[in-house]
Amino acid sequence: MSSLRLHPVDIAIVASYLVAMVLLGLYLSRGIRSSRDFFLAGKSLPWWAAGMSLVVSDIGAKDMVGIAGDAYRHGIVMMNYDFIGCIFPVLLAAFLFMPFFWLAGVTTVPEYLGRRYNQSVRTFFAAIWVAFMAATLGTIFVSAAAMFEVLLGWSFWFSVGICVLVVGVYTTLGGLKAVVFTEVLSCIVLTLGAALICIMGLRATGGVAGLRASIESLDWTRHHFDLLPPADHAVYPWPAVLLGLGFVLGPAYWIGNQAIVQRSLGTRSQSAARASYVCCAAIKLVFPLLLVLPGLIALALFHDQLGQPGEHWDGNRVLPLVVAHLLPTGVLGIVIGAFLAGVLSNLESYVNSASTLLVTDVYRPFLRPHATDRECLRVGRWLVGALLVGGGVLSYPIKTRFGSVFEAFQTFLTFFQGPLLALLLLGMLTRRATPWGGMVGMLAGVATAVLLNAAEAWFGVPGGVPFLWSAWWSFVTALVVVLLVSAVTRPHPDERLRGLVCWLPLTGPPPP
Amino acid sequence: MSPPWPTLPAQGLLASLGPAAFAGVFLLTALAILLLPRRLLDHDRGATPPWWRNVRFWAVAICVVQVLVYLVFG
């Protein structure tokens, strides 16, 4: 498919958006004087900004492209990623987990795990998160490049270079505050752009009734309008959606993901942090529709071109095709702006959080225990630049290996999300979970996830194990092993666990 | 490896259980949020806000919408 020739109006809209992002980011970078300003925005974020930022940190280019492709393939079951996989865990995080991070006065999730268990657990999860974030950066670059190649005819490396340059300027200087407020702008543009795709698409299909009729006329779309597919569905059986996505992957992502938790820790108070989560959950009631509909619209209108998904089918072509064929001048500029918003917000979230993890959990405790605050700020800024460049380089092997960007992202998640959630849950809910229990449980859970993910290649299991079941069983394994090993090893004394376990509240005032 | 869920007759029951299970999760979440003691929730110790600024109210409203979504479309 040849690339589009954008009308000057579209080019002006896209350029205005990019300039506005950079100027806003630069304006907000004034007054960054300490690592707390850089990593936690000086604890000054309003709840609505943090809430909108949480939404776009999660929904980026990879989701717009990936979910549209998966909605084409599987149907409205993909909405569960935002319903049971997001709204439920976000509310859990707001009312149960967030107060522990807040009262512990930590900057990162591994820092909490280090205080609750030991330094090994902290370092393990910090290293894994950084690796995961670098890989995620790669998937973001891949999805961005796929879109720009179709729409604008840009080469892979040119797309990567533009993203690195724009995000690098304001994220390096402005830290979390610049990230969050530029994400507010991104959230508005993203919502507008996604809504415009849906409205134009539905007009072309003849409304919801026409969309449904077109899709149901195909012979392979029997479950496309099942929000909960049957229990024998090959990829998304509903029990696995509930247990794997709702009870493990969703909570682990929304409770244990540094990019998410960092925004709530940057708010002014615990109440503001809670309100930011609830704001995010409210927006997520609508967003799944905006992400899934383009895939269904593509299925109704372009199934002759895109065909039936098979082994080598490329889901990343679905959204670009809809955008290229349906949107008129002006609207196209806004939608490309929305796509850029997704790319930039995802990139800035992950580089900022990875830099925070590296400085807080690796540089300060292991490399330079006596580093001054100014030095940590300087290292944090350098790391943002290094991570952007590293993620860009890593994106090429990711592009050549994985067919679907979103599938790659989910595969990375399943390896350690289950064990992380098990350790957080037991760490917060029982004083009996011991450092040894945490370490052995963590390793057992990760090993289980790796084995189940490799079931087809290593053990010849036909079709492999659905990744949602991998997540569930790695969580259960970690939970059981932590409990078993903790039963025969020595826990930390109660005084050390105050403020970290729900039955042992702080005796003094909470940290500022 | 056999799938970790029952097959044949039990699947009819399983299919009808799906929406109830998902709606039940959100119903329980709403109840838990409503019944959570205030001392566990409000470490800031501020005055009780009006309903339209009460985070608990909005969280429960979101849960109710989700219950309806799963019962209608599940």
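The table below lists the values:
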read-out	value
Matching entry among A:Val318, A:Val292 (being farther than 30 Å from A:Val109 by Cβ and not basic (Lys, Arg))	A:Val318
Pair list, Cβ < 8 Å and 6+ apart or interchain, from the range A:368-386 residues that are on the phi > 0 side of the Ramachandran plot to residues that are open to solvent by 60 Å² or more (accessible area, probe 1.4 Å)	none
Some residue of the range A:60-82 being farther than 18 Å from A:Gly342 by Cα and polar (S, T, N, Q)	yes
For A:Leu103: the one exception among (1) touching a Leu at 6+ places or on another chain (Cβ under 8 Å); (2) more than 14 Å from chain B (Cβ to nearest Cβ)	(2)
Options A:Thr448, A:Thr507: the member that is modelled with pLDDT of 85 or more and either under 24 Å from the mean Cα position of the chain (by Cα) or among the β-branched types (Val, Ile, Thr) (or both)	A:Thr448
All positions within the range A:447-465 that are outside any helix (DSSP H, G or I), open to solvent by 30 Å² or more (accessible area, probe 1.4 Å) and at the interface with another protein chain (Cβ under 9 Å from one of its Cβ atoms)	A:Pro462
Which numbered condition A:Leu290 fails, given (1) hydrophobic (A, V, I, L, M, F, W, C); (2) within 14 Å of chain B (Cβ to nearest Cβ); (3) within 18 Å of A:Cys86 (Cα to Cα)	(2)
Among the residues listed as A:Leu23, A:Leu45, A:Leu40, the single one being in the same structural domain as A:Gly250 (by TED's automatic domain parsing) and out of contact with any helix residue (DSSP H, G or I) (no Cβ under 8 Å at 6 or more places or on another chain)	A:Leu23
Residue satisfying all of: in the range A:224-235; modelled with pLDDT of 85 or more and open to solvent by 10 Å² or more (accessible area, probe 1.4 Å); nearest to the chain's Cα centre (by Cα) among these	A:Leu228
Candidate set from the range A:262-272 (those that are within 19 Å of A:Ala178 (Cβ to Cβ) and not aliphatic (A, V, I, L, M)); member that is nearest to the other protein chains (Cβ to nearest Cβ)	A:Arg268
Test: residue in the range A:349-364 that is modelled with pLDDT under 90, assigned by TED's automatic domain parsing to the domain that holds A:Arg222 and not in a helix (DSSP H, G or I)	no
Flag for A:Leu113 being at negative phi, modelled with pLDDT of 90 or more and either of a type in the set (A, V, I, L, M, F, W, C) or open to solvent by 10 Å² or more (accessible area, probe 1.4 Å) (or both)	yes
The lone exception for A:Leu483 - which of (1) at pLDDT 90 or above; (2) within 25 Å of the chain's Cα centre (by Cα) it fails	(2)
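Residue-wise test of (1) in contact (Cβ under 8 Å) with a residue 24 or more places away in the chain; (2) aliphatic (A, V, I, L, M); (3) in a loop (DSSP other than H, G, I, E, B).
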site	(1), (2), (3)
A:Pro239	no, no, no
A:Leu242	yes, yes, no
A:Cys280	yes, no, no
A:Leu293	yes, yes, no
A:Ile297	yes, yes, no
A:Asp304	no, no, no
A:Gln308	yes, no, yes
A:Trp313	yes, no, yes
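Each row is one residue, and each column tells you yes or no for (1) assigned to a loop (DSSP other than H, G, I, E, B); (2) touching a Pro at 6+ places or on another chain (Cβ under 8 Å); (3) touching a residue at least 12 places away in the same chain (Cβ under 8 Å); (4) within 14 Å of another protein chain (Cβ to nearest Cβ).
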{"position": "A:Ser214", "(1), (2), (3), (4)": "no, no, yes, no"}
{"position": "A:Val248", "(1), (2), (3), (4)": "no, no, yes, yes"}
{"position": "A:Tyr253", "(1), (2), (3), (4)": "no, yes, yes, no"}
{"position": "A:Ile260", "(1), (2), (3), (4)": "no, no, yes, no"}
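The values are calculated or read from the model by the stated rules, or taken from the named source; none is laboratory data. Because the structure is predicted, anything quoted here is derived from the model rather than measured. So basically every Cβ, Gly included, is an ideal-geometry build from the backbone, and we count neighbours across all protein chains shown. Note: accessible area is taken over every heavy atom of the protein model, side chains too, but ligands, DNA and RNA are not part of it. Shrake-Rupley method; radii C 1.70, N 1.55, O 1.52, S 1.80 Å.
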